[in-house]
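Data first, discussion second: the structure below is written as structure tokens.
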Amino acid sequence: MATKWEFSAGGVVFRKNENGQVEILLIRVKTRWSFPKGNIERGEPKDQAALREVKEETGVDAKILDYLGEVDYWYNIGLTKIHKFVYYYLMEYLSGDVVPQKEEIDEAKFMSIAEAEKSLSYSTDKEILDRAIKSMKKLGIL
Ligand code: ATP
């Protein structure tokens, strides 16, 4: 069986609501909730890919505050095994209405940290949210 590698980058985007509570931007594809992310193009820096994918998938402009680390997982396409790496950044929301990309995303929305913890479908993403919470505490946001 052939093995291929894939490399994506994405963001844990946060903003504060009118009550000062931190909200996190998640996307839904079919029944699965995760963070916005996508393929790193050839020669493209990871951080730029992450910002570009957040904008393309959710309509949101953000700025990077911290690097949260990578996750990896395996999946199959036909007879090919894919080993995928995703590099995540903590991002602060800057501007833009939340508009899910029509072709790929069924829903995009900001939700409370508690709701995000419950909604995230993959354990790797839950780990990234934990790291984002630690980072926000370190930066004095939480
Ligand atoms: P990208 O958003 O990077 O362009 P994609 O939409 O092509 O990628 P993935 O989101 O990586 O693809 O999904 C490919 C497969 O991996 C799907 O079957 C999905 O359910 C599964 N998957 C996605 N994220 C994770 C994860 N964090 N852990 C385990 N499996 C995952």
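Yes or no: residue 106 under 12 Å from the mean Cα position of the chain (by Cα), within 16 Å of the ligand (Cβ to nearest atom) and of a type outside the set (A, V, I, L, M, F, W, C)?
Values: under 12 Å from the mean Cα position of the chain (by Cα): no; within 16 Å of the ligand (Cβ to nearest atom): yes; of a type outside the set (A, V, I, L, M, F, W, C): yes.
Here the answer is no, as residue 106 does not meet what is asked.
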Among the residues of segment 8-22, what is the count of those that are out of contact with any helix residue (DSSP H, G or I) (no Cβ under 8 Å at 6 or more places or on another chain) and either within 14 Å of residue 63 (Cβ to Cβ) or part of a strand (DSSP E or B) (or both)? 2
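Yes/no matrix, rows are residues, columns are (1) more than 12 Å from the ligand (Cβ to nearest atom); (2) within 21 Å of residue 101 (Cα to Cα):
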site: 13; (1), (2): yes, yes
site: 36; (1), (2): no, yes
site: 49; (1), (2): no, yes
site: 54; (1), (2): no, yes
site: 68; (1), (2): yes, no
Looking for something at pLDDT 95 or above, more than 26 Å from residue 48 (Cβ to Cβ) and either within 12 Å of the ligand (Cβ to nearest atom) or part of a loop (DSSP other than H, G, I, E, B) (or both) - is there at least one such residue anywhere in segment 83-101? no
Being of a type in the set (A, V, I, L, M, F, W, C) and closer than 26 Å to residue 139 by Cα narrows it down to one residue among 2, 62; which is it? 62
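The values are calculated or read from the model by the stated rules, or taken from the named source; none is laboratory data. Model, not experiment: these values are computed from the prediction. In this analysis, Cβ positions are derived from the backbone assuming ideal geometry, glycine residues included, and neighbour counts consider all displayed protein chains.
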